[in-house]
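Participant: Dropping a structure here in structure tokens format, bear with me for questions.
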Amino acid sequence: MFVRVLDEKALPIHAETGMCSWCALAVRRVRGSATSIQPSARSDVVAAALWQNAVMAKKPSVSFRSDLLAEALEKQDMAQVALALRNDRLVVPLAKPAPRDKPTAPGEVWMYRRPEDGRLALLVFSDAKNKPEALPPFVAAQDGAWLHEFLRVHGDEIETVFFDIAGPHPMQADPAELLRVLDLDGGSPPIDPGVVAP
């Protein structure tokens, strides 16, 4: 008899049928009898194995990587960074994750506070693997609309936004500039490319 682990509980796997007790119970219910599964009942064994694989399969995981943002940061092109932020995801560190009973609630975003004056820096990553180990272990995958709203609400307190601060291609942006390029409603007037800001 073998043992397979599912959700931290050991399930006995019978050597004759290759199924756990859950699958055997399901096959018995399908067959409508309380008898044990015979190895010769090949179609039932195959059906139970398929059912077992479906039960054991994990849910698709959320990707904590943005290839568009990584490519834009590699080129150090702010226009491509803005395009990536509008059309793909970004990763932010969390001080506290969302409560388990409210998985759709946002977690508490972790920001760097400068000790001298208390000004904040928002850290954004193109990949969760680029987050330094010294930061809290939790991350959240967000999009440009979330970043726009976050900067709109907290932008006065945030002095700068760092992208992939520990590399491989770090970049820094002004929150007001990011808010302008992320204005998804188009409410801001277009900037004349021939005019240079003082």
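Bear in mind these aren't lab numbers, they're just calculated from the coordinates by the rules spelled out. Small disclaimer: the values here were computed from a predicted structure and weren't measured. Don't worry about glycine lacking a Cβ; one is built from the backbone with ideal geometry, like all the others, and counts go over all protein chains shown.
Participant: Is the C-alpha gyration tensor of segment 67-181 telling us rounded, prolate or oblate? Criteria: a/c under 1.5 is rounded; beyond that, a/b larger than b/c is prolate, otherwise oblate.
Facilitator: Working: a/c = 1.32, a/b = 1.20, b/c = 1.10.
Here segment 67-181 falls in the rounded category.
Participant: Tell me the net charge near Ala121. Cut-off is 10 Å between Cβ atoms, Ala121 excluded, with +1 for each Lys or Arg and -1 for each Asp or Glu. Intermediate results must be reported in sequence, preceding the final value.
Facilitator: Working: positive: Arg113, Arg114, Arg119; negative: Glu159.
Value of the local net charge: +2.
Participant: What is the extension gain from Glu108 to Met78, computed as 0.36 nm multiplied by their sequence separation minus the C-alpha to C-alpha distance, in nm to one decimal? Walk me through the numbers on the way to the answer.
Facilitator: Details: separation 30, 0.36 × 30 = 10.80 nm, distance 2.70 nm.
Residue separation times 0.36 nm, minus the Cα-Cα distance, leaves 8.1 nm.
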